[in-house]
Structure formats: structure tokens, C-alpha cells
Amino acid sequence: MFDPTSSESYGRAPMKRSDLYALAWSQPVTKIAGRFGLSDRGLAKLCERHDIPLPPRGYWARVAAGQKVASVPLPKPDDDAEVPLPPAASPQSMGSLERAFGIRTPTAKRGTRESPAARPKKPVKRQSESGVPRGNFAVFSARGAECDRLLAASMEFERHSAARACLKEIEFRASRLDTELATAVRAWSSAVSETLSCRDPLEEVIQAVRSATAGKQKPLWWPEQM
């Protein structure tokens, strides 16, 4: 049975539409595209070509924030055709990969008589359509995960700020109530405020960064990892 969370469940062999759909909704495209030798845009085009919907912008941030987000159902689920995936790159297949999946490949300049064997081998940073070097997918995936963490924290921080503003307004209105009810409202507000102050989403981000950088091995999003 296909397991979208396992890297061993998929590779360069063709995948069924339902399997690729399950994979696309289990992890961000930026994390899985590189395993197919594609850019995130290239994988998005492949899914679009086979009518496979992808999570909308902000979906993973809402998931990280603990929100329940409905997924877009797979159109024509009975049409579970196989989706061809790019094979391992070779000189004969690079042209077809570029045409089929939008992969940019290095080409020799016209008019050059120098043979491939005579050229000095230099590391080539292939750029995806989004401008991300293809050799650093793990690094950019790690940065994407931290971006999701920030978005989730910012949403939680916004909710906390709104809640605190509401508490102030409630305490202000309590002054207009009768003495017994005003006392009850203030006690309730104090209890809620104390509980709300126990969790600071921005402080949690700072603690996460502190934990990630405490050891000798720096995280992938660290500038020196590029």
C-alpha cells in the first residue's frame, strides 16, 4: 500500500494519480519536488497536467497552527491513470525532461570546438523556475519549514493580541455593571488573562531557534550551510 510519508514508497517509476495526490497533500511541494528531480514549479505543472489539485497558499501554515483545513478532493477519482515521472538524468534523456517537465539543463555554447572531456569540471548550480538552486533543496525546504513556523506563530500572536484587547474592553464595561456582576466579570477576566499569558507564541519561536542552534551541528537554514 502506498504510504505518502515514506520516501521508499515512490521514486522514478510511474505513480498513480491518487498516489501523487495523497503525496502532494501530505507534505509541501517544496519538500517532495526535489526527490523527483523537479523544481516545485515543475511538479506543480505536472500535477496541473494530470488534473491533480495542490494545497492553496497558506494551507501548511494553517495546518501548523492547528487549524482544521479541508482538502480539495481529487477530480475524476475513477480515472486513476499512471503519471509518468522523470527518470534518472542522462545525456539522451535531458532534452525530453526539459520539454516534459520544465527542467532547465546546461547546454554548450554554439561555435565552441572544445570537446566535453577537455572542459574543466565545475559545479553547476542549476536554477529552478522559482530561482532556487537545484542542488540545495534540503536547505530551502528547511527554510520553508521555518517560514511555516513563523506564519503559524504570527497567526497565534494576532489571536493573542485580539484576545487581550477584548479583555480590556470587557473590564472597561464591567465598571458599568452592578457590583456583584462586575466582581464576577473582573474575576473571570483575570483568570483568562493569566492563562493567556502562560503561552507566548513569539517566545516559543525564540526558544525553537535557541534549541536548533545550541549544538555544534548548525541547522540547514543556517547561512553557512549554503
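For this structure, a couple of remarks:
- Residue pairs whose Cβ atoms lie under 7 Å apart, sitting 6 or more positions apart in sequence or on different chains, and linking a residue in the range 61-89 that is farther than 18 Å from Gln27 by Cβ to a partner that is surrounded by fewer than 17 Cβ atoms within 10 Å (Cβ to Cβ) and at pLDDT below 85, are Glu82/Pro14; Pro84/Pro14; Pro86/Arg12; Pro87/Arg12; Pro87/Ser93; Ala88/Arg12.
- The range 159-193, residues that are among the polar types (S, T, N, Q) and not in a helix (DSSP H, G or I): Ser175
- Cβ-Cβ under 7 Å pairs, at least 6 apart or on other chains, the range 214-225 side within 15 Å of Gly144 (Cβ to Cβ), far side outside any helix (DSSP H, G or I) and of a type in the set (Val, Ile, Thr): Pro219/Thr213
- Residue match in the range 175-189 (condition: under 42 Å from the mean Cα position of the chain (by Cα) and more than 29 Å from Asp148 (Cβ to Cβ)): yes
- Filter result for Ala162 (outside the structural domain of Val69 (by TED's automatic domain parsing) and exposed (fewer than 13 other Cβ atoms within 10 Å of the Cβ)): yes
- Of all residues in the range 188-212, those that are in contact (Cβ under 8 Å) with a residue 40 or more places away in the chain have Cβ atoms under 7 Å from Cβ atoms of residues that are in a helix (DSSP H, G or I) and of a type in the set (Asp, Glu), 6 or more apart or on another chain, in Pro201/Glu156.
- Filtered by the rule that a residue be within 16 Å of the chain's Cα centre (by Cα), outside any loop (DSSP other than H, G, I, E, B) and under 16 Å from Met15 (Cα atoms), the range 43-89 gives Leu43, Ala44.
- Residue in the range 197-214 that is touching an Asp or Glu at 6+ places or on another chain (Cβ under 7 Å), at pLDDT below 90, surrounded by 13 or more Cβ atoms within 10 Å (Cβ to Cβ) and part of a helix (DSSP H, G or I) present: yes
- Filter result for Arg49 (over 30 Å from Arg199 (Cβ atoms), exposed (fewer than 13 other Cβ atoms within 10 Å of the Cβ) and not assigned by TED's automatic domain parsing to the domain that holds Ser141): yes
The values are calculated or read from the model by the stated rules, or taken from the named source; none is laboratory data. Keep in mind that this is a model prediction, so the values were computed, not measured. When we count neighbours, we look across all protein chains shown, and the Cβ atoms used for this are built from the backbone with ideal geometry, even at glycine.
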